[in-house]
Structures are given as C-alpha cells and as structure tokens.
1. Residue pairs, Cβ under 6 Å, 6 or more apart or interchain, first in region 166-177 and surrounded by 17 or more Cβ atoms within 10 Å (Cβ to Cβ), second hydroxyl-bearing (Ser, Thr, Tyr) and in a loop (DSSP other than H, G, I, E, B). List them.
2. I need a count of the residues in region 116-156 that are of a type in the set (D, E, K, R) and under 21 Å from PHE106 (Cα atoms).
3. Take THR218 and tell me if it is outside the structural domain of GLY102 (by TED's automatic domain parsing) and part of a loop (DSSP other than H, G, I, E, B).
4. Would you point out the residue of region 151-164, among those that are of a type outside the set (D, E, K, R) and at pLDDT below 95, that is nearest to the chain's Cα centre (by Cα)?
5. Out of the helices (runs of 4 or more DSSP H) lying entirely within region 63-175, which hold 3 or more residues that are farther than 30 Å from LEU197 by Cβ?
6. Based on this model, can you work out whether SER134 counts as at pLDDT 95 or above and in contact with a strand residue (DSSP E or B) (Cβ under 7 Å, 6 or more places away or on another chain)?
7. Looking only at region 97-107, count every residue that is surrounded by 23 or more Cβ atoms within 10 Å (Cβ to Cβ) and either farther than 13 Å from VAL34 by Cβ or in contact with a Lys or Arg (Cβ under 8 Å, 6 or more places away or on another chain) (or both) and tell me the total.
8. If VAL183 satisfies all but one of (1) surrounded by fewer than 14 Cβ atoms within 10 Å (Cβ to Cβ); (2) at pLDDT below 95; (3) not basic (Lys, Arg), what's the number of the condition it fails?
Amino acid sequence: MGIVTTLWGVGVGPGDPELITLKGWRRLQAAPVVAFPAGVQGRMGVAEQIIAPHLKPQQVRLPLEFPYVLDENQLQQAWHIAAECVYDYLQQGLDVVFVSEGDVSFYSTFTYLGSAVQQLDPTVPLGIIPGICSPLAAAAVLGLPLTCGGDRLAILPAMYHADELTQAWGWADVLVLMKVRAVYPQVWQWLQTHNLLAQAAVVIWATTPQQQVYYPLTRWPALELPYFSLLLVWKYASPFRSDKKMGHFTI
C-alpha cells in the first residue's frame, strides 16, 4: 500500500514524568497523534498521566481499550480494534506514537499492538524508543544496585508458584517478581521458608507521588497491594546496609 508513516512505541518510564528519555520526549512532542492505553472508570491511565505535562493542545489524543483479562479471544479482539484505530491515522499520512509506562519491549502492550497493525499492513514500519522499566526504578528507589559483578537476574512476570520461585532461585542471585499483588501471601511464606525476608522489599508505584516501600518484609506477612507492585529479593545480604531506612515509608 506504500504507507511511509510510522507507528512508534515510546517507553515513558515508571511514573515520574521527568524520567522519559530525551529521545522519547522529542518523538512525543513531534507526534501529530499520541495513543495510549485508556484508563478505567473514566480515570486517566498511567501512561497518559506520565505524558500529560508534555503534550500540546493540537495533538490528537487516542485512548485505546485493552481489557485486563486473560481470555485470549477477548485480548485478540481488543488488539485488532486498537490496531484499526491506529491504522486509520497512519493511512492519513500521520505518524502515531503509542506510549507505554516503563519500556515498550518489557511486557508491554505495544508488542501486541504493533503486531496487530502489521497484520493489517505488513509495510507499516515500527519504531521503538526504550524507556526505564520498573525493576530499575524500584532498585533506584531503594538506593540499591539491582545487580553487581556477575550477579544473575531473574524476572518473573505474573502468577508464579512456589516451584517456579525455587527453580529460578536455584540459578539467580537477584529475583524480581512483577505483579506480586495476587500471590503475595504465598511469596511471603516462600521467603520465610528460605530465610530471605530480611533481604526482600516491596515497592509500590515507584517514582510516583503514590510511591510506597515495605522493607524488610519480616514484619509484613499480609499486604493489600495495588496492581503496580513488585518485589525484589537478593540472595546475598550485602546490598542491604545498616543505614537503609526500614519499615513502611515513602521516598
């Protein structure tokens, strides 16, 4: 079809609007159309909140609906509808920037949106500008290195079980558990069994005004966590210096 416009995926970081990269900011500022995951119940989504200070009045804002479900058919339908919305603008000769919290290559909706657009038209070029993902932001919030030297890092995305944790812990030196909300009680028990509670921390809404930290987890067997929560645990206690803040706090 000869389309020369581009669908851009721009990672806008974990929450702080100042953590978007300079390259991402420039691409965002130049975009005639800016797409993002729609919020729920009429509220702004996370990515939209991050970019709101950077948008210009003349830019088209395109919220796209992505259901928070595991049903593959529903997801496929949502990606197809979103792709058609984006493709309408591409056909008009307008670049579209899709923004995602964190990084667009790290468990991001952009992966599926880009694939669905290219199913409509394989000639549509995809541009990718990386962003700061949440494990990096959480380590920074804690003031700790995520990894050192030859440390091996394991990241589990969601709905992990004790056997998966044990298997990953067999080779990893640092473990990051994404979307820990639904399985936190089981994870806490696993950490207790392996004597790791003092070397683990939960970070909620990293780098945002809602940010909270729980450390060490010895005192927190039960937590009501939001969706954007992750847990980090180090095999070796050396990163946890005695001068680190303890308890439930914000930074």
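1. Pairs that qualify, where the first residue is surrounded by 17 or more Cβ atoms within 10 Å (Cβ to Cβ) and the partner is hydroxyl-bearing (Ser, Thr, Tyr) and in a loop (DSSP other than H, G, I, E, B), are VAL174/THR147.
2. Looking only at that region, the number is 2.
3. Considered against the rule, which asks whether it is outside the structural domain of GLY102 (by TED's automatic domain parsing) and part of a loop (DSSP other than H, G, I, E, B), THR218 comes out as no.
4. PRO157
5. 72-91, 110-120
6. Yes; evaluated as a whole, the condition is true for this residue.
7. Counting residues in region 97-107 that are surrounded by 23 or more Cβ atoms within 10 Å (Cβ to Cβ) and either farther than 13 Å from VAL34 by Cβ or in contact with a Lys or Arg (Cβ under 8 Å, 6 or more places away or on another chain) (or both) gives 5.
8. Checking VAL183 against (1) surrounded by fewer than 14 Cβ atoms within 10 Å (Cβ to Cβ); (2) at pLDDT below 95; (3) not basic (Lys, Arg), the one that fails is (1).
The values are calculated or read from the model by the stated rules, or taken from the named source; none is laboratory data. This structure is a prediction, so every number in the text was calculated from the model and none was measured. Glycine also receives a Cβ, built like all others from the backbone with ideal geometry; neighbour counts cover every protein chain displayed.
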